[in-house]
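The values are calculated or read from the model by the stated rules, or taken from the named source; none is laboratory data. Since the structure is predicted, the reported quantities are computational estimates derived from the model, not experimental observations. Every residue, glycine among them, receives a Cβ derived from its backbone with ideal geometry; neighbour counts consider all protein chains shown. Accessible surface areas use protein heavy atoms only, side chains included; no ligands, DNA or RNA. Shrake-Rupley method; radii C 1.70, N 1.55, O 1.52, S 1.80 Å.
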Amino acid sequence: MLVRLEIRDFAVISNIVFEPGKGLNVISGETGAGKSLIVDAINLILGAKASRNLVRTGSSSAFAEAVFDCSAINDEEFKNALEESGIEDDDGMLIISRTVYESGKSVARINGAGVTNQVLKQISSCLIDIHGQHDHQSLLSESKQKGILDDFGGEELAKINAV
């Protein structure tokens, strides 16, 4: 679950902090209010391609950081990705940040450790899905569909699958 999102010097945003509550959170506003920039910042954190155009005019870099509570995630793929990358979740929390520089280069960190974009994508794919018009992301993944069904089936189904 996304606990906190901070965005600095990102396009026209100088600094915002968003702390969603439990349940459904809705971001609304007029056209041009910056809603899509928040989604762009989240996508950057999830491993989207970085661009120098994201850096606010007059700034040397753009920064986006998200804090996730992962304590309820039981996904083996997620746990294996963390372990293989040598990343420890501090009390179930992961802090993912991305800095994009004027040159267009970017640096990704998970709990302070630098990671490649491939590792960032692998780990973040288990944390959040963004759904917009015609977007489907992980819902099309066969392994994700199986995981959702297995979670729904609970322990009874797990016993049958173990046989």
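One table, with the values for the structure above:
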{"quantity": "Between 0 and 90°, nearest 10: helix 76-85 axis offset from the chain longest Cα axis", "calculated": "50 degrees"}
{"quantity": "Unit Cα scatterers, Debye sum, the range 51-125: log10 I(q)/I(0) for q = 0.15, 0.17 Å⁻¹", "calculated": "-0.54, -0.66"}
{"quantity": "Per residue accessible area in Å² of the range 11-95, where ligands, DNA and RNA are left out and the probe is 1.4 Å", "calculated": "63 Å²"}
{"quantity": "P(r) tail fraction, the chain - alpha-carbon pairs more than 28 Å apart, %", "calculated": "26 percent"}
{"quantity": "Binned Cα-Cα distances of the range 27-78, short to long, each 5 Å bin given as a whole percent", "calculated": "4, 15, 19, 19, 19, 11, 7, 5, 1"}
{"quantity": "With all protein chains modelled, accessible area of Glu30 [1.4 Å, Å²]", "calculated": "150 Å²"}
{"quantity": "Helix 142-162 vs. the chain, principal-axis angle (Cα, 0 to 90°, nearest 10)", "calculated": "30 degrees"}
{"quantity": "By accessible area with a 1.4 Å probe, ligands and nucleic acids excluded, highest first: order of Phe63, Phe78", "calculated": "Phe63, Phe78"}
{"quantity": "Percent carbon-and-sulfur accessible area, the chain, ignoring ligands, DNA and RNA, probe 1.4 Å", "calculated": "50 percent"}
{"quantity": "Asn117-Glu156 FRET efficiency (beta carbon distance; Förster radius 45 Å; 0.05 resolution)", "calculated": "0.70"}
{"quantity": "Listed pairs Lys35/Lys79; Lys49/Lys121; Lys121/Lys144; Lys79/Lys121 exceeding 21 Å between Cα atoms", "calculated": "Lys35/Lys79"}
